[in-house]
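First comes the structure, then the notes that go with it.
The values are calculated or read from the model by the stated rules, or taken from the named source; none is laboratory data. Predicted model only: the values in this text are computed from it and were never measured. Here the Cβ positions follow ideal geometry from the backbone for every residue, glycine too, while neighbour counts run over all protein chains shown.
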Amino acid sequence: MTTATAKRKSGGSKKSTGEVTTIQCAFCSGTGRDPYEILSRLANCPVCKGHKTVPVETPTVVCAYCRGTGRQRHTRLACSGCKGKGAITLAGPTSPCPQCGGKGREPEADLACALCKGAGLLAKNPTAPKRKQRTASKDRAGS
């Protein structure tokens, strides 16, 4: 599936390693054409714009919400979790999402999980600093 790898020069997501790789477009299955032929049978895929591949930052996991198809269930839309790519960037050690149980779907609706964004997994971040709890100071409370 991987065809090329390049270092990202600026910015980037804090979750990724900074490497960008290209994978086959999941929405059109690598054809470069609109799979539903809404406008025309020659219309380009709305996700890859006809290039047949899409760039993703590594490391990636298969989108649990669409199961890697890039398509939202019961619609002709690109997956709201992976944006039609079929893969989601998720770095480091992971654990199943406690909200959706690793399914990538909201428990009571057919939407991508709000906590894990459809990945079904959450990155563990043991090195993150703990938040300090704020307490009201006595001199401000009486004013």
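Summary of values
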{"quantity": "Total residues in the range 37-50, condition within 18 Å of C79 (Cα to Cα) and modelled with pLDDT of 85 or more", "calculated": "8"}
{"quantity": "The one condition in (1) under 29 Å from G18 (Cβ atoms); (2) modelled with pLDDT under 95 that A141 fails to fulfil", "calculated": "(1)"}
{"quantity": "Number of the condition not met by S29 [criteria: (1) crowded, with 17+ Cβ neighbours inside 10 Å; (2) part of a loop (DSSP other than H, G, I, E, B); (3) modelled with pLDDT of 90 or more; (4) among the hydroxyl-bearing types (S, T, Y)]", "calculated": "(1)"}
{"quantity": "From A43, A78, A87, A91, residue being free of Cβ contacts under 8 Å to residues at least 60 places away in the same chain, of a type in the set (G, A, S), out of contact with any helix residue (DSSP H, G or I) (no Cβ under 8 Å at 6 or more places or on another chain) and within 20 Å of A114 (Cα to Cα)", "calculated": "A78"}
{"quantity": "Residue match in the range 92-99 (condition: of a type in the set (G, A, S), part of a loop (DSSP other than H, G, I, E, B), within 19 Å of V20 (Cα to Cα) and at pLDDT below 85)", "calculated": "yes"}
{"quantity": "Residue match in the range 51-67 (condition: farther than 22 Å from C116 by Cα, at pLDDT 90 or above and part of a loop (DSSP other than H, G, I, E, B))", "calculated": "yes"}
